[in-house]
Structures are given as structure tokens and as C-alpha cells.
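Contents: one structure, followed by commentary.
The values are calculated or read from the model by the stated rules, or taken from the named source; none is laboratory data. Quantities reported herein were computed from a predicted structural model and do not represent experimental measurements. Using ideal geometry, Cβ is built from the backbone for each residue, glycine included, and neighbour counts are taken over all protein chains shown. Just so you know, the surface numbers come from the protein's heavy atoms only, side chains and all, with ligands and any DNA or RNA stripped out. Shrake-Rupley method; radii C 1.70, N 1.55, O 1.52, S 1.80 Å.
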Amino acid sequence: MERCDVLVVGGGAAGLMAAGRAATRGLRVTLLERNDRVGKKVRITGKGRCNVTNACELPEFLQNVPHGGKFLYGALHLLSPADTMAFFEGLGVPLKVERGNRVFPLSDRAGDIVEALQRYAQGSGASLAMGVRVKALERSGEGFLLTGYAGERFESRAVVLATGGLSYPGTGSTGDGYRLARGLGHTIVPPGPALVPLEIRERELCREMQGLSLRNVALTVREEGRGKPVFSELGEMLFTHFGVSGPLVLSASSRMERPEGGRYSLHIDLKPGLSPEQLDARLLRDFGGQSNKNFANALGGLLPAKLIPVVIRRSGIPPEQKVHQVSREQRRALAALLKDFSLTVDGFRPVEEAIVTTGGVALKEVNPKTMESKCCPGLFVAGELLDIDGYTGGFNLQIAFSTGAAAGESVCLS
């Protein structure tokens with residue numbers, strides 16, 4: 001039986017931050033991680049580059065947290081994005097700011113962030129126990145008794161649950177925290193996918209373009225019966241065997257509710273830098289130098305190879321028609337297609353493929369300043385396990401860091 005002041009369950013962004021903060025205060029801290037190393041999910045974020053935070057001011061940050069933003073005021077004042085940047089640079093990890101105020105390590109290595117967090121936690125005095133998956137967590141006197149699946153037993157005065165949600169279960173996020181929190185009296189808002197790829201009705205078309213990455217395109221999402229778009233941004237997206245993914249699509253998914261049944265449609269502007277008139281002029285120039293070619297062979301300078309057959313079919317222009325025979329009406333219809341290449345959303349991919357999980361421990365049952373449970377004193381909840389989720393751009397990792405810091409600063413104060 002191991003005894004300590006604080007048990008932190010989960011060695012991700014929130015757990016490592018909480019462990020370090022608590023240990024810095026002189027508390028005996030043991031962090032339990034079910035994997036053989038900490039930060040497994042952090043290592044794959046941002047395509048392995050790790051979008052650490054977003055270098056924006058607090059009002060803008062909260063605008064990018066559609067669910068649970070108000071709850072974060074206290075935690076973000078304790079550890080703001082600027083504080084997070086200073087924290088990592090103080091640990092020897094230089095950072096850089098990219099488009100949209102996204103912050104990355106200068107090395108583009110997510111491992112640098114994980115290693116810095118681990119150094120911080122252990123350097124502050126926290127002990128790390130690898131390969132421990134929690135089977136049961138229960139009250140024991142004025143503290144807690146935790147039992148692992150391999151028979152491990154730990155006693156502590158307080159517990160910080162930072163197990164993550166359901167996304168990327170291969171990293172260890174299999175929903176254990178929901179079970180443990182529910183067992184100690186918490187309400188769990190049903191988990192679902194947030195920031196998730198989309199399944200598209202025109203699946204064969206997407207499969208034909210599988211692997212094609214579109215850069216510098218504009219994606220607009222429209223909802224049936226609603227005039228104003230629900231989403232519209234410039235960026236990058238990817239075609240897959242089931243539909244679409246990539247940064248633009250993940251961001252768009254967070255603005256959609258119950259996307260089944262064709263409720264939403266995607267509209268891709270393949271040439272957002274050109275007005276319809278400018279695009280028509282561009283087509284005239286391109287066609288002018290290829291007047292004797294077949295139409296199918298005249299789009300190579302305008303579109304990626306995988307996209308050309310699909311555009312030809314959708315344009316209705318016969319592929320063998322000579323370029324000089326393409327009429328003004330056909331050309332303008334082609335330009336309109338390039339400015340609005342549409343797809344129908346059939347649904348979200350499974351929650352296991354989501355970057356972030358929506359749902360989790362109900363916020364009304366957690367103190368927003370300390371992250372302590374209102375249902376079970378001495379229990380603290382941090383990170384993705386809480387019913388909070390933000391858009392892409394570093395917001396979700398910052399939520400993990402800030403709520404983890406709040407828990408670590410508050411645990412065992414009484």
C-alpha cells in the first residue's frame with residue numbers, strides 16, 4: 001500500500017500540470033499513468049507538432065470555447081495563454097506563433113512539450129507510476145482508496161482525475177474517468193465527438209480523391225432552412241475514403257449538431273483568391289493557350305490531378321470536347337463550380353476518431369476556481385474529462401493546462 005497526499009490519475013497535459021503544481025507546494029504527489037509513458041496523446045496532437053496554446057487575449061479565447069467558456073474564467077486568470085508560453089520557454093522549449101495565433105514548439109516536436117512537462121512534474125517532486133490502470137476509486141475515511149487492475153493499492157488525502165475523454169482510445173482515453181467520477185456521485189453529460197472528420201454522402205467521389213489535400217481553399221457550411229452560414233473559413237482540408245477531414249473540416253464539425261440526414265452541406269471555394277470575374281478571365285487565358293486540346297487535358301495548370309476527373313464530370317462538359325469549342329456559358333458554369341464545389345454531410349465519424357470529446361463531468365458539480373468536486377470533497381477534475389470543449393487552434397490544450405494548474409494549486413488546501 002502506497003500512501004501520499006495527492007493521487008493524480010492520468011499523465012496527459014492536465015495531469016502533469018496538476019502533479020507539478022501540487023508537488024511544488026511541498027505535497028507528496030503520485031501520478032498514475034496507464035501507459036508505459038506519459039503524454040501519449042499530447043505527442044500526436046497537431047500532427048505531431050503540438051499546438052500548445054493560442055496567443056490571444058482572454059475575450060477572444062472564450063469566444064473559441066463554445067461550451068463551458070464561462071466556467072474557465074478563474075482557471076484562465078490563474079494560467080493564461082501568455083503564462084503557458086512563458087512556462088514552456090522557462091523550461092527550455094522555445095516557441096513560435098503561426099497563422100491564427102497558433103503556438104507551436106520551435107522544433108515542431110510534440111515530444112519536447114511532453115518531456116518538459118515530465119521534467120517539471122518530477123523536478124517538482126512528483127512520483128510517476130507507469131502501467132497502472134485504475135479499477136476502483138472509493139472513499140476511505142477522510143481520504144481515498146484506489147485499486148489498480150493488477151492489484152495495486154494507493155491511499156491519499158485527495159485525488160485529481162485527469163484521464164481524458166474517449167477520443168483516440170489507443171492513447172489510453174477509454175472513458176475510465178467517467179466511470180470513476182460517476183461512482184463518486186457525479187453526473188456525466190453523455191460524451192460525443194467534437195472536432196471530428198465528416199462522412200460524406202458522395203462517398204465514391206471522396207474515395208476517388210482519397211489522399212488529396214486542398215490548401216488555401218475556403219470552406220462554408222450551410223444548414224438546411226437557415227440563411228446564414230454556420231461556418232466559413234480559409235485553410236486546408238483532406239479527402240478520405242469516407243469523406244473529408246483536415247483542419248478546416250475539424251473546425252467546421254464543432255459548429256454542427258446532429259449532422260445526419262443531409263441537414264448540412266459543405267461548399268468549397270477552390271479559388272478563394274479570385275472573384276468569379278477574375279476566375280473567368282483566368283480560364284480564358286488558360287484556354288487561349290490550349291485551344292486545340294481536349295477539355296480533359298486543359299485543366300492541369302488549374303487543379304490537382306485527382307480533382308480534374310471529378311470536376312469534368314460535374315461540369316457537364318464532354319472531356320473530349322476541344323477547348324476552342326467550350327462556350328461562354330460552359331466556361332462560366334465551370335467557374336461557378338470551382339467557386340462552389342458542394343458535398344452533403346451524412347454524419348460524424350465515431351467518437352474514437354475525434355480530436356476532442358464533448359460531454360463529461362457536469363460543470364455545475366465542479367468549483368470553477370479550484371476544480372474541486374461539489375459532490376465529493378477532496379476529488380478534483382481537470383482537462384478533457386470536464387464537459388468543456390473548444391475549437392481547433394490550441395484552445396483545448398490550454399484548457400487542460402489551466403484546469404490542471406487550478407487543481408494542482410487548490411488540492412489539499414484544507
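Count of region 349-391 residues, restricted to those that are among the aromatic types (Phe, Trp, Tyr) and open to solvent by 10 Å² or more (accessible area, probe 1.4 Å), is 1. Residues in region 289-298 that are in a helix (DSSP H, G or I) and open to solvent by 60 Å² or more (accessible area, probe 1.4 Å): Asn297 only. Only one of the numbered conditions (1) open to solvent by less than 70 Å² (accessible area, probe 1.4 Å); (2) farther than 29 Å from Thr174 by Cβ; (3) more than 20 Å from the chain's Cα centre (by Cα) is violated by Met85, and that is (3).
Considering region 189-278, the qualifying strands (runs of 3 or more DSSP E), each wholly inside and each with 2 or more residues that are on the phi < 0 side of the Ramachandran plot and surrounded by fewer than 20 Cβ atoms within 10 Å (Cβ to Cβ), run over 213-223, 231-239, 264-269. Considering (1) surrounded by fewer than 19 Cβ atoms within 10 Å (Cβ to Cβ); (2) within 30 Å of Gly69 (Cα to Cα); (3) in contact with a Leu (Cβ under 8 Å, 6 or more places away or on another chain), the lone condition that Arg282 does not fulfil carries the number (2). Among (1) within 21 Å of the chain's Cα centre (by Cα); (2) modelled with pLDDT of 95 or more; (3) basic (Lys, Arg), there is one condition Lys135 misses while meeting the rest; what is its number? With (1) within 21 Å of the chain's Cα centre (by Cα); (2) modelled with pLDDT of 95 or more; (3) basic (Lys, Arg) applied to Lys135, the lone miss is (1).
I'm trying to understand the selection: among the residues of region 301-315, which are open to solvent by 60 Å² or more (accessible area, probe 1.4 Å) and in a loop (DSSP other than H, G, I, E, B)?
Gly301, Ala305, Lys306
Looking across region 60-73, the residues that are at pLDDT below 95 and surrounded by 15 or more Cβ atoms within 10 Å (Cβ to Cβ) come down to Asn64, Val65, Pro66, His67, Gly68, Gly69. State whether one or more residues within region 346-359 are free of Cβ contacts under 8 Å to residues at least 24 places away in the same chain and out of contact with any strand residue (DSSP E or B) (no Cβ under 8 Å at 6 or more places or on another chain). No, region 346-359 contains no residue that is free of Cβ contacts under 8 Å to residues at least 24 places away in the same chain and out of contact with any strand residue (DSSP E or B) (no Cβ under 8 Å at 6 or more places or on another chain).
Against the test of being among the acidic types (Asp, Glu) and either without any contact (Cβ under 8 Å) to a residue 24 or more places away in the chain or crowded, with 19+ Cβ neighbours inside 10 Å (or both), the options Glu142, Glu155, Glu98, Glu138 yield a single qualifying residue, Glu98.
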